[in-house]
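In what follows, a structure is listed as structure tokens, so that the remarks can point back to it.
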Amino acid sequence: MVAREALEGKRILVVEDDYHTATELASWLADLGAVVAGASPSVDIALELIASTRDLDGAILDINLGGEMVFPVADELERLGVPFVFATAYEPDIVPARHADKIVLRKPLDDEGLALALSRSVRPRSVPLEVACRNEILARLPRHQLGNLLPLLRHIALPRGAVLEVANQTISRVYFPTDFVGSLIAVGSAGSRIEAGLIGREGMTGTGIAVGDDRTPHELINQIEGETLAMAADDFLLFLKECPELEILAARFARSLGIQVSHTALANGKFEVSALATHGG
């Protein structure tokens, strides 16, 4: 059975507020050889499970959780590149445009239909060469190296305002933007915040990983609704060993980003001095 082969050993999160339905789904997944990573009746618990579960492979999301919409969970799964399907009694048009490409199944759920939908979702979508080349760093790689990299990449749609990285936390994914713009936000000890730089299709995130620094000093927030390619930080580190060209490109972009950040700081400083002078401060 194709679904069993695709789901065997996969870690699946169930987000469902009806205990009977959640129990049935968990049992059904276990029968297919999947591992139930957790069952959540609410958005808050689901987000906690996502944060504490490593290597999550997919999720089944009920849309209405006791009057609370599941979309913050969907946004977080999308940010992490974890595939999911919606299961609901609502019409599909309740799903926001940013998740319009997701499979929506109507309740009551049909086992065969759910198995097929979920197996298609957890199966990694291959990234076409032409899509990868929309990112200027990937486009500069030798074609045979880029071909080796493609299976490690995931294609992710991002809503505006999505937080991709949090200051001083370990980087779990490396992003290669294709048509989104990320803001690097410097966060002060007292909570002050200022934009320090921008990353678009000309660059990438996670450049510090190449030199052994797996933490980011900035927040990274998506400025516009768009798309990016992403890969696990561990995969990126391993790939650098067989592709020195990517390491060189990452180092070059890190240098250009550092120059951008310093010039942004200079511009911000001049603005503050000018504002103080104008106000007689």
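Do you know which of the residues in the stretch 217-269 that are among the small types (Gly, Ala, Ser) and surrounded by 15 or more Cβ atoms within 10 Å (Cβ to Cβ) is nearest to SER126 (Cα to Cα)? Filtering first and then ranking leaves ALA230.
If you go through the stretch 218-246 and keep only what is in a helix (DSSP H, G or I) and touching a residue at least 12 places away in the same chain (Cβ under 8 Å), you end up with ALA233, ASP235, PHE236, LEU237, PHE239, LEU240, GLU242, GLU245, LEU246.
Pick from the stretch 133-184 the residues that are assigned to a helix (DSSP H, G or I) and buried (at least 21 other Cβ atoms within 10 Å of the Cβ): which of them is modelled with the lowest pLDDT? It would help to see each step written out before you state the result.
Going through the stretch 133-184, the residues assigned to a helix (DSSP H, G or I) turn out to be 136-139, 143-152.
Filter once more, keeping what is buried (at least 21 other Cβ atoms within 10 Å of the Cβ): 138, 149.
Numbers: LEU138: 97, LEU149: 94.
Taking the candidates together, the pick is LEU149.
Of the residues making up the stretch 14-37, just one is in contact (Cβ under 8 Å) with a residue 60 or more places away in the chain and closer than 20 Å to ALA51 by Cα, namely GLU16.
Criterion applied to ALA157, ALA167, ALA196, ALA210 was being touching a residue at least 40 places away in the same chain (Cβ under 8 Å) and under 14 Å from LEU80 (Cβ atoms), and the one residue passing it is ALA157. Cβ-Cβ contacts under 9 Å between residues 6 or more apart (or on different chains), taken from a first residue in the stretch 41-63 that is within 23 Å of LEU7 (Cβ to Cβ) and touching a residue at least 40 places away in the same chain (Cβ under 8 Å) to a second residue that is of a type in the set (Phe, Trp, Tyr) and assigned to a strand (DSSP E or B), are listed as GLY58/PHE84; ALA59/PHE84; ILE60/PHE84; ILE60/PHE86; LEU61/PHE84; LEU61/PHE86; ASP62/PHE86.
Only one of the listed residues (ARG215, ARG193) is in the same structural domain as ASN148 (by TED's automatic domain parsing), basic (Lys, Arg) and farther than 29 Å from GLN145 by Cα. That residue is ARG193. Annotation note: of GLU202, GLU225, GLU195, GLU245, the sole residue that is within 15 Å of the chain's Cα centre (by Cα) and among the charged types (D, E, K, R) is GLU225. Would you call ALA74 over 17 Å from GLU24 (Cα atoms) and either part of a helix (DSSP H, G or I) or at pLDDT 90 or above (or both)? Criteria met by ALA74.
The values are calculated or read from the model by the stated rules, or taken from the named source; none is laboratory data. None of these values were measured; they are calculated from a predicted model. Methodologically, a virtual Cβ is constructed for each residue, glycine included, from the backbone with ideal geometry; neighbour enumeration extends over all protein chains shown.
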